[in-house]
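Notes follow once the structure below has been shown.
The values are calculated or read from the model by the stated rules, or taken from the named source; none is laboratory data. Since the model is a prediction, treat every value here as computed from it, not as a measurement. All Cβ positions, glycine included, derive from the backbone under ideal geometry; neighbour counts span all protein chains shown.
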Amino acid sequence: MEYGDSYIILDSSGLVLRQTETEPKLTLLVGLTLKSIEEGKALVAEENYVLSDTLEILEMMTESEVYFKKIDLSGVMIKAYIYDNLICSGTPEAVAENLKNGGLKQVLYELYSQGVERGTITVNSDGSCAFNAAIE
């Protein structure tokens, strides 16, 4: 998680492991308003509900074989970056559902097969995905 000029390393349950100035090779979380950062304790953010949903998404990445390099939590809809210019947009719940049901993986495979590395995949709560070549 980016925090000013440094990064906060969290475990899968949201516990703060350490703070470092070296950018980690992990999914970067941005856009949260942090209230409490103490090593060995749970990270506290104003958007704790979004943080907990996003931590679940991070746990699902390996199982679903879909990996995000960055997740922006600053709006109602999260933006999960697959590449710098290929974004998955939706509520945390919709993104999680599409990871579980394999819909997002299927869309990404189709886009990859076509050489597409730019655009926005909007995931919906009904389990569907829609692609737009524009970056929103």
Breaking point among (1) out of contact with any Ser or Thr (no Cβ under 8 Å at 6 or more places or on another chain); (2) at pLDDT below 95; (3) surrounded by 17 or more Cβ atoms within 10 Å (Cβ to Cβ), for P92: (1)
Among residues of segment 13-56, those that are out of contact with any strand residue (DSSP E or B) (no Cβ under 8 Å at 6 or more places or on another chain), under 15 Å from F68 (Cα atoms) and part of a loop (DSSP other than H, G, I, E, B), counted: 1
Tally, over segment 11-45, of residues that are of a type outside the set (S, T, Y) and more than 19 Å from Y81 (Cα to Cα): 19
All positions within segment 115-129 that are exposed (fewer than 13 other Cβ atoms within 10 Å of the Cβ) and either touching a Cys at 6+ places or on another chain (Cβ under 6 Å) or closer than 16 Å to L99 by Cβ (or both): S125, D126
Leading residue by the ranking (nearest to E63 (Cα to Cα)) among those in segment 115-136 that are of a type in the set (G, A, S) and at pLDDT below 95: G127
From Y83, Y7, residue being within 30 Å of N124 (Cβ to Cβ) and free of Cβ contacts under 8 Å to residues at least 40 places away in the same chain: Y83
Unique match (being within 18 Å of G14 (Cα to Cα) and surrounded by fewer than 16 Cβ atoms within 10 Å (Cβ to Cβ)) among T54, T27, T33: T33
Criterion (of a type outside the set (V, I, T), at pLDDT 90 or above and surrounded by fewer than 14 Cβ atoms within 10 Å (Cβ to Cβ)) met by exactly one of Y49, Y112, Y81: Y112
Given (1) surrounded by 16 or more Cβ atoms within 10 Å (Cβ to Cβ); (2) under 30 Å from G4 (Cβ atoms), number of the condition G75 does not satisfy: (1)
